[in-house]
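**Q** Take a look at this one; I'll ask things after.
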Amino acid sequence: MRTARQAAAASLTPALRGALVAVLAGVLLLAVPVAARTGMGLGTAGDIAATLLAIAILTTVQLAVVLPLTLRLRWPRATGMVLLVAPVFALTVVLSVLLPWPFTTAYVIALLAVCAWLGGSATAVLVAWRKHARPNARTAIGAAAAVTLALVSGAWLAHDGLGPDAPPAPRLTTAFEAISHAAASARSTRAAAAFHEGEAVSADAAGDAAGDAADVLFDVRHIVYGSGTPQRRGDYAAGGDIASRTVDLRPLIRGFGGWKAWAHQRYWGFGLGETPLNGQAWLPVGEGPVPVVLVVHGQHATGSNAETGYRYLGELLAGHGFAVVAIDQNFLSGPWIAADEGEMAARSSLITEHLALLNEWNDDATSPFHGRLDLQRLVLVGHSRGGEAVTKAARFRGVIGTPHDPDVGLAFPFQPRGVIALAPTDGMYNPTVLPGAVRDISYLVLHGSQDSDVDGFLGNGAYQRIRVREGSGHFKAAVYIAGANHVQFNQVLGSDDLPNPLSWLLHRRALLPPGEQQHITGLLVAAFLEAVINGHDDFRELFRRPPGTGDVSPPPRYVTRFDDDGTHLFDTFEEDTNRATTTAPGGRHAAADLTVWREEVMRLRDRYASPQHNRAVQLGWRDGRGAFEVHVPADAIRHATATGASLVLSLANVSTRMTADLTVELVAADGEVAAIPLSRFGGLAPAFGDRLWKSVLLERFMVRGPEQVLQSYEIPVHEFRAANPRFNPATLQVVRLRFDRTPAGEILLDDIGFRRRLAE
């Protein structure tokens with residue numbers, strides 16, 4: 001009697017054998033790149049081995065359960081199909097765990113079905129050819145169809161996508177130079193010279209622009225520091241240029257133990273009880289004490305040295321007088337630690353530990369950091385989860401302990417002047433012990449329209465929670481950049497937000513080249529630092545004025561939202577659901593001839609249309625008719641009459657195809673009207689409609705419309721007075737939007753108020 005193995009082998013026809021070989025090859029092709037990017041905490045080789053082992057175990061379990069039944073019932077065809085389907089099912093289950101996307105299963109089955117069809121057809125033709133027989137018509141047609149489908153599918157997956165090429169990079173360099181040359185400080189002008197086209201220039205050439213050739217650029221010294229404990233990274237294990245110490249993170253990550261902790265320690269060479277303080281520093285030579293910029297990476301594959309990917313920021317900023325330190329948190333990556341409620345607390349705690357260590361070295365006469373650091377002028381920069389971590393760290397000021405253990409202190413003893421978040425997460429850690437809002441700090445968040453990892457502009461949540469106190473000197477800004485994605489804020493993480501096979505579905509044609517995205521990031525970060533640390537308020541112009549105004553031509557594709565310490569908002573639409581009332585008491589709304597008028601929660605573009613932490617009013621019109629009025633509360637009128645006052649409001653175009661324009665009017669009590677076209681101070685461009693996915697059906701399933709991103713506008717009151725000299729701001733009664741410049745459209749309106757320049 002034949003054994004079960006022999007019976008199973010006999011049930012496989014040549015076509016099924018070819019299909020099985022092709023499926024197994026497809027499993028490897030799909031599983032290996034996914035495992036290499038998941039960051040399970042075992043390193044690249046360990047992650048791949050663990051993934052393939054899981055697939056093998058699941059396949060074996062299926063065969064052990066199903067094959068005996070098919071053999072006993074003598075279903076040879078069923079036996080062959082079980083052998084073929086088992087690895088497919090195992091792979092889809094594993095990938096659906098590693099990549100929690102609803103279309104993963106169908107996508108993987110489709111890819112492996114093509115592999116099976118191609119392998120089976122090719123084998124059938126090959127067997128016939130070896131037997132010197134002519135393949136029957138069905139085999140020949142099937143083989144031709146399989147080859148055609150494979151070629152077409154492969155070409156489509158390999159292609160970057162259809163539609164327009166990548167958008168032109170925002171022309172920030174021109175604006176940066178114009179602002180810099182207008183600034184009074186030599187530091188501002190030398191920064192502009194060095195930032196020209198993202199390249200450093202010689203001291204003489206830069207001096208011609210700055211008027212100070214002797215004090216333009218600094219040489220940069222790169223310093224590596226590590227604990228010297230056994231670990232994966234050789235430069236840190238050797239202690240680097242200066243030896244650091246270890247800290248104990250076990251009280252923060254309590255759920256991490258057993259085999260997970262054992263595997264983690266085996267790979268990294270240390271446990272959480274002896275977590276090393278590793279970092280990369282870039283210092284300006286011969287300058288000190290200088291401001292400190294601490295950079296924190298997010299969660300990435302454990303095989304990546306993510307902190308080294310911010311070298312472009314380190315060299316750029318250190319060359320202009322800032323000490324930049326990028327800290328190592330790669331050992332916190334991976335689903336086991338990331339799933340723990342203490343992961344974000346641990347990231348924030350490490351920020352404190354590194355700053356405390358730098359503070360010690362600053363006082364140590366034997367340290368290369370001695371006397372070089374000014375921690376009173378501190379800015380935190382974070383990317384992805386690091387972007388949330390630096391914001392949480394700022395909120396930890398005054399906090400006594402963690403939510404799960406009040407005896408574990410998390411107080412942040414430093415007072416950062418600013419926080420910069422690059423495509424941050426938000427809401428991954430919301431302990432009740434934290435205060436709701438962050439105050440007395442400046443904030444900048446950057447996000448890209450092609451981000452398919454953090455696929456909604458989550459940084460808007462932190463933007464809403466940060467409160468800028470009047471007269472504090474702080475500001476907050478949000479910049480949404482066309483063509484930027486998630487990983488390209490980092491130099492070593494590649495250019496695809498998602499691992500294969502999902503990255504094959506991304507619409508990469510709309511993606512900015514990595515160098516351009518990093519160039520833009522460097523300009524914006526440098527401008528923020530110049531404004532926040534060095535007090536050059538002229539650099540706020542990059543964030544305050546809309547694209548397309550001033551000397552920037554052609555208009556760049558980015559959106560800026562802005563609020564500062566001189567802004568008084570009387571209407572934010574956050575107070576209630578009554579569309580007739582303003583946020584500040586005493587005001588009211590009115591409308592005429594509108595097709596849409598409703599207050600609503602703004603939405604992210606993710607497939608769930610998740611709510612933003614913000615409300616706005618949506619207004620629609622047609623036939624060039626319609627108006628929306630805000631009767632200004634009495635208390636707000638005094639802000640309109642202040643020296644240098646401007647009307648501020650935020651708008652977003654709902655349409656992805658049509659530019660919108662409208663007339664902004666101020667109406668006095670005596671009926672005098674001062675009217676100005678919005679387009680004089682920046683056009684209302686179409687909403688970002690760039691596709692994330694090559695498939696239209698997939699785009700409709702994964703993306704719920706374009707991202708709702710507000711653009712801030714500022715119109716000086718003196719411009720209204722120039723438009724109508726009889727208009728008196730002291731008798732202002734109504735702010736009116738008249739929709740008479742575009743035949744039809746819909747917009748979102750938010751944050752209406754007045755801004756006065758406090759630092760003239």
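The values are calculated or read from the model by the stated rules, or taken from the named source; none is laboratory data. What you see is a predicted model, and the numbers here were worked out from it, not measured in a lab. With ideal geometry, Cβ positions are generated from the backbone for all residues, glycine too; neighbour counts draw on all protein chains shown. These accessible areas exclude ligands, DNA and RNA; they are computed on the full protein's heavy atoms, side chains included. Shrake-Rupley method; radii C 1.70, N 1.55, O 1.52, S 1.80 Å.
**Q** May I ask you to list the residues in region 470-481 that are open to solvent by 10 Å² or more (accessible area, probe 1.4 Å) and in a strand (DSSP E or B)?
**A** Passing the criteria: only LYS476.
**Q** For region 580-617, give me each residue that is without any contact (Cβ under 8 Å) to a residue 24 or more places away in the chain and hydrophobic (A, V, I, L, M, F, W, C).
**A** Once the filter is applied, which keeps residues that are without any contact (Cβ under 8 Å) to a residue 24 or more places away in the chain and hydrophobic (A, V, I, L, M, F, W, C), region 580-617 yields ALA580, VAL601.
**Q** Please tell me if TRP259 is in a strand (DSSP E or B) and out of contact with any Pro (no Cβ under 8 Å at 6 or more places or on another chain).
**A** So TRP259 does not fit the description; no.
**Q** Then there's this: Could we say that GLU574 is at pLDDT 90 or above and part of a loop (DSSP other than H, G, I, E, B) here?
**A** Spelling it out, GLU574 is indeed at pLDDT 90 or above and part of a loop (DSSP other than H, G, I, E, B).
**Q** Could you please let me know if VAL667 is assigned to a strand (DSSP E or B), closer than 22 Å to GLN618 by Cβ and either out of contact with any strand residue (DSSP E or B) (no Cβ under 6 Å at 6 or more places or on another chain) or not polar (S, T, N, Q) (or both)?
**A** Spelling it out, it is not the case that VAL667 is assigned to a strand (DSSP E or B), closer than 22 Å to GLN618 by Cβ and either out of contact with any strand residue (DSSP E or B) (no Cβ under 6 Å at 6 or more places or on another chain) or not polar (S, T, N, Q) (or both).
**Q** Take the residues in region 584-614 that are over 22 Å from the mean Cα position of the chain (by Cα), of a type outside the set (A, V, I, L, M) and buried (at least 18 other Cβ atoms within 10 Å of the Cβ), then tell me which one is farthest from LEU732 (Cα to Cα).
**A** So, considering only residues that are over 22 Å from the mean Cα position of the chain (by Cα), of a type outside the set (A, V, I, L, M) and buried (at least 18 other Cβ atoms within 10 Å of the Cβ), the one farthest from LEU732 (Cα to Cα) is GLU599.
**Q** Might you let me know whether region 482-503 holds any residue that is of a type in the set (A, V, I, L, M, F, W, C) and part of a strand (DSSP E or B)?
**A** no
**Q** Step by step: first the residues of region 623-643, then only those that are part of a loop (DSSP other than H, G, I, E, B) and open to solvent by 40 Å² or more (accessible area, probe 1.4 Å), then the one that is farthest from PRO546 (Cα to Cα). Which residue is that?
**A** Selected residue: ASP623.
**Q** Condition first: in contact with a helix residue (DSSP H, G or I) (Cβ under 8 Å, 6 or more places away or on another chain) and at pLDDT below 70. Now tell me which residues in region 412-451 satisfy that.
**A** Hits for region 412-451 are PHE412, TYR429, PRO431, LEU434, PRO435, GLY436, ALA437.
**Q** Let me ask something additional. Which one is modelled with the lowest pLDDT, of the residues in region 56-98 that are of a type in the set (S, T, N, Q) and under 30 Å from HIS300 (Cα atoms)?
**A** If we take residues in region 56-98 being of a type in the set (S, T, N, Q) and under 30 Å from HIS300 (Cα atoms), then SER96 is modelled with the lowest pLDDT.
**Q** Here's a follow-up. Return yes when THR656 is in a loop (DSSP other than H, G, I, E, B), open to solvent by 50 Å² or more (accessible area, probe 1.4 Å), touching a residue at least 12 places away in the same chain (Cβ under 8 Å) and closer than 15 Å to GLN711 by Cβ and no when it is not.
**A** yes
**Q** Quick check, is ARG311 within 30 Å of ALA50 (Cβ to Cβ) and either touching a strand residue (DSSP E or B) at 6+ places or on another chain (Cβ under 8 Å) or in a loop (DSSP other than H, G, I, E, B) (or both)?
**A** Answer is no for this residue.
**Q** Let me ask something else about it. Are any residues in region 594-616 under 20 Å from ALA580 (Cβ atoms), modelled with pLDDT under 95 and outside any strand (DSSP E or B), and if so, which ones?
**A** Listed by number, the list is empty, since nothing qualifies.
**Q** In this structure, does ALA128 turn out to be open to solvent by less than 40 Å² (accessible area, probe 1.4 Å), at pLDDT below 80, touching a Ser or Thr at 6+ places or on another chain (Cβ under 8 Å) and among the hydrophobic types (A, V, I, L, M, F, W, C)?
**A** yes
**Q** For region 242-255, what are the residues that are surrounded by fewer than 18 Cβ atoms within 10 Å (Cβ to Cβ), over 11 Å from ASN278 (Cα atoms) and either in contact with a Lys or Arg (Cβ under 6 Å, 6 or more places away or on another chain) or in contact (Cβ under 8 Å) with a residue 60 or more places away in the chain (or both)?
**A** ARG254, GLY255 - these are the residues of region 242-255 that are surrounded by fewer than 18 Cβ atoms within 10 Å (Cβ to Cβ), over 11 Å from ASN278 (Cα atoms) and either in contact with a Lys or Arg (Cβ under 6 Å, 6 or more places away or on another chain) or in contact (Cβ under 8 Å) with a residue 60 or more places away in the chain (or both).
**Q** Name, by its number, the condition in (1) part of a loop (DSSP other than H, G, I, E, B); (2) modelled with pLDDT of 80 or more that does not hold for VAL559.
**A** That leaves (1) as the condition not met.
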